[in-house]
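The values are calculated or read from the model by the stated rules, or taken from the named source; none is laboratory data. Fair warning: this is a prediction, and the values are worked out from it, not measured in the lab. Neighbour counts are summed over all protein chains in view; Cβ atoms, including those assigned to glycine, are modelled from backbone coordinates with ideal geometry.
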Amino acid sequence: MRIHTGEKPYQCSECDKTFSNKSSLVKHQRTHTGEKPYQCSQCNKAFSQNTTLLYHLRTHTLGKQYQCSQCDKAFSTNTVLIKHLRTHNGEKLNPCNQCGKDFLTKSTLSKHLKIHTGKKPYQCRQCNKAFSQRYDLINHNRIHT
């Protein structure tokens, strides 16, 4: 019912983002912690969401049947091949409206935009140092181990 009302009572304690259900909050919190509880039994690669693992498993069962016509790389899905083809033709459809820099994917642009906002939602739980990128927090956490 919350989907229809727009109510989002579950709030992330790290970045104040809100969610309509607890499971969405739990999934989101993994972006801050770097937790990846779903592991591929074939190659041991780990994922933060079960759906991402299931998508990944296709690489083992279907193989890499989508071949790039411009290089030797092959991909398990046509979607990934299409994204890859942009690297050959220079097509960048996601420009930053702050600095004009172009990005191949929306997700890369989204990560880049955090640089301009100054927001640092990824905070180390041990020393409170904050980062704009989740990857930087994960790298930072290595100094504590």
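There is no residue in the range 77-84 that is touching a Leu at 6+ places or on another chain (Cβ under 9 Å) and part of a strand (DSSP E or B).
Among the residues of the range 93-140, those identified as polar (S, T, N, Q) and in a helix (DSSP H, G or I) are Ser107, Thr108, Ser110, Thr117, Asn139.
Per-residue answers, yes or no, for (1) surrounded by fewer than 12 Cβ atoms within 10 Å (Cβ to Cβ); (2) in contact with a Lys or Arg (Cβ under 8 Å, 6 or more places away or on another chain); (3) among the basic types (Lys, Arg); (4) assigned to a helix (DSSP H, G or I):
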| site | (1), (2), (3), (4) |
| --- | --- |
| Ser23 | yes, no, no, yes |
| Lys27 | no, no, yes, yes |
| His32 | no, yes, no, yes |
| Cys43 | yes, no, no, no |
| Thr51 | yes, no, no, yes |
| Tyr55 | no, no, no, yes |
| Thr59 | no, no, no, yes |
| Lys64 | no, no, yes, no |
| Gln70 | yes, no, no, no |
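When only residues in the range 66-90 that are in contact with a Ser or Thr (Cβ under 9 Å, 6 or more places away or on another chain) and at pLDDT below 85 count, which is farthest from His56 (Cα to Cα)? So the residue we want is Arg86. Applying the condition of being among the β-branched types (Val, Ile, Thr) and surrounded by 11 or more Cβ atoms within 10 Å (Cβ to Cβ) to the range 80-121 and asking which residue is nearest to Tyr55 (Cα to Cα) yields Val80.
Among residues of the range 108-129 that are aromatic (Phe, Trp, Tyr), those with a beta-carbon under 6 Å from a residue that is part of a helix (DSSP H, G or I) and surrounded by 13 or more Cβ atoms within 10 Å (Cβ to Cβ) at least six positions away or on a different chain give the pairs Tyr122/His32; Tyr122/Arg134; Tyr122/Leu137. Cβ separations smaller than 6 Å between residues 6+ apart or across chains give the following pairs from the range 49-73 residues that are in contact (Cβ under 8 Å) with a residue 12 or more places away in the chain to residues that are exposed (fewer than 13 other Cβ atoms within 10 Å of the Cβ): His60/Gln42; Tyr66/Asn78; Gln70/His88. Considering only residues in the range 1-21 that are over 19 Å from the mean Cα position of the chain (by Cα) and either among the basic types (Lys, Arg) or surrounded by 12 or more Cβ atoms within 10 Å (Cβ to Cβ) (or both), the one that is nearest to Asn139 (Cα to Cα) turns out to be Gln11.
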